[in-house]
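Below is one structure, written out as structure tokens; the observations come after it.
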Amino acid sequence: MSSRKKSSSKQEKPATSGVDQGALLKRALTWIVDPNIFADVSLHGNVSWLPHQLVMLAVLFAWSDAPQMVKCFEKAAKLSQKLFEMLAVETFQAMVRALVTYGPKLIPCVWARLQTLMEQVAPQFYRIGRWLPLAVDGSRFTTPRTRSNEQAFAAKKYGSGKMAKSRAKWKNKKKRSKKLSSPVKPQIWLTLIWHMGLKLPWCWKSGPSNSSERDHVVELIKSQKFPANTLFCGDAGFTGYEFWKAILDQGHHFLVRVGGNIRLLKNLGHARKGDGVVCLWPNDVARRKQMPIMVRLIEVKNELGSMYLVTSVLSERQLSTSALKRLYPLRWGIELQFRAVKQTYGRGKLRSRNADHALVELEWSLIALTMIQLLGIREQQKIDIPPEQCSVAQAIAAIRHAIDTWNEHVSRSSSMTIQLRDATKDEYLRTTSKTARYKPNFKDKPTTGGPIVVNATRVQKKTYSALINAA
């Protein structure tokens, strides 16, 4: 009798061997979404949910791979109830309305939390030398062609501007024959600031398709708090006196590629402090009696030709030329980040038919993807894998597999932790060119060339001396 009872009791107990995916998922979310980071967020008196509850629901919603947004919410709502025994709101419409209203307050708190965790997870990659390198760039995300999206994002009077009319004179016949007046789909312009050492988004700003990425960066620099010795790295589009001055006024520095679109002065009196030091001093700025901006001009030569960089760090000891040449190529990673968001994560074309909802979809998708990348880097740092080896595609697959198996006990090799640790890029040597064989070889390939560097005139030297004496 006793042996029968023992055998029956063993059959009644379910097998619990393996790793609990739900517990790992819950632990990862609570590690990032700390309720204390929203202590200063004020809510309306009628709100029944807490900020961290809404943020967790929004992240689970953005992590879901369901084809329809309502299905994504249903999946996220079920998971939120099972893992955290709470549900901030009960409908998809209520969640979106809450994110539209309180998103501007919640997103900066999430940014600050992610930036703090970046330094904790990989401190050796947080700075390169003494500098915190942040790349800046912009890209467009397509939205459905609805009246709401067109009014909010579509460029007004498309095809009737001066630049559009000048395209008719291009040498390229295919581009010349393009109908410039044809309407385009409404698109959101996203300007991204991206950490070059950790390969992670830092912060961003969105707007209509004809927004200025330089204005976006200036607004972010003035509204956000950046650490000391921040170095902003941009391509040839991030030039201009007002843009550079805005960075310097906030106590930061920049490293920018320049071409024939910029005119620099040399030998401007006291501005000559060393080799390669030149000045940006447009005529209208000189007439307003504003000081010139001194920069260091560096020519980088390779097998493809010459590339010209300018930096506001004038001291060779603070930022050597050799370090600068190694640092700037890391900026290319921001282009790969855009590809990861659009193609790998599937947000190249948004699904929201309402303009406010489209912004919510894009911003919380970026937050969710940043969390996935950060979780992958955290696990890989335990075995000394650098952030550049993290595979975004495999990290996304690991999180979504954990969502699908949250109520299962899986083997250790199939657990979310091990899959994130193994989410690395393939190590192989490319033997062929990445250029597609069907790509036409146009003769009129664009080129920037070098910047225009001229000697300062006698009048400019006199004006500059007067400004120095007045100061």
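The values are calculated or read from the model by the stated rules, or taken from the named source; none is laboratory data. These numbers were taken from a predicted model, which means no experiment stands behind them. All Cβ positions, even for glycine, are placed from backbone atoms using ideal geometry, and neighbour counts span all protein chains on display. When the accessible area is computed, the model is the full protein with side chains, heavy atoms only, and any ligands, DNA or RNA have been set aside. Shrake-Rupley method; radii C 1.70, N 1.55, O 1.52, S 1.80 Å.
Results, tabulated for the structure shown:
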item: Members of the range 313-336 that are of a type in the set (D, E, K, R) and surrounded by 15 or more Cβ atoms within 10 Å (Cβ to Cβ); result: 316, 325, 331
item: Tally of residues being open to solvent by 20 Å² or more (accessible area, probe 1.4 Å) and touching a helix residue (DSSP H, G or I) at 6+ places or on another chain (Cβ under 9 Å) across the range 25-35; result: 5
item: Meets criteria (of a type outside the set (A, V, I, L, M) and within 20 Å of the chain's Cα centre (by Cα)) for residue 263; result: no
item: Failed criterion for residue 317 (all others in (1) touching a Ser or Thr at 6+ places or on another chain (Cβ under 9 Å); (2) part of a loop (DSSP other than H, G, I, E, B) hold); result: (1)
item: Of residues in the range 51-73 being out of contact with any Cys (no Cβ under 6 Å at 6 or more places or on another chain) and small (Gly, Ala, Ser), the one nearest to residue 349 (Cα to Cα); result: 62
item: Residues of the range 189-208 that turn out to be farther than 18 Å from residue 222 by Cα and touching a Lys or Arg at 6+ places or on another chain (Cβ under 6 Å), as a count; result: 1
item: Every residue from the range 337-359 that is open to solvent by 20 Å² or more (accessible area, probe 1.4 Å), touching a helix residue (DSSP H, G or I) at 6+ places or on another chain (Cβ under 6 Å) and assigned to a helix (DSSP H, G or I); result: 344, 356, 357
item: Candidate set from the range 179-234 (those that are polar (S, T, N, Q) and assigned to a loop (DSSP other than H, G, I, E, B)); member that is nearest to residue 312 (Cα to Cα); result: 229
item: Residue match in the range 131-143 (condition: of a type in the set (D, E, K, R), over 18 Å from residue 337 (Cβ atoms) and either at pLDDT 95 or above or surrounded by fewer than 18 Cβ atoms within 10 Å (Cβ to Cβ) (or both)); result: no
item: When residues of the range 84-130 are limited to those that are of a type in the set (D, E, K, R) and closer than 21 Å to residue 378 by Cβ, the one surrounded by the most Cβ atoms within 10 Å (Cβ to Cβ); result: 113
item: Filtered residues of the range 222-254 (kept if touching a helix residue (DSSP H, G or I) at 6+ places or on another chain (Cβ under 6 Å) and among the aliphatic types (A, V, I, L, M)); result: 246
item: Some residue of the range 287-296 being in a helix (DSSP H, G or I) and within 19 Å of residue 461 (Cβ to Cβ); result: yes
item: Residue 304 surrounded by 14 or more Cβ atoms within 10 Å (Cβ to Cβ) and among the hydrophobic types (A, V, I, L, M, F, W, C); result: no
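For (1) within 17 Å of the chain's Cα centre (by Cα); (2) surrounded by fewer than 18 Cβ atoms within 10 Å (Cβ to Cβ), each residue gets a yes or a no:
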site	(1), (2)
210	no, yes
219	yes, yes
225	yes, yes
241	no, yes
267	no, yes
280	no, no
288	no, yes
311	no, no
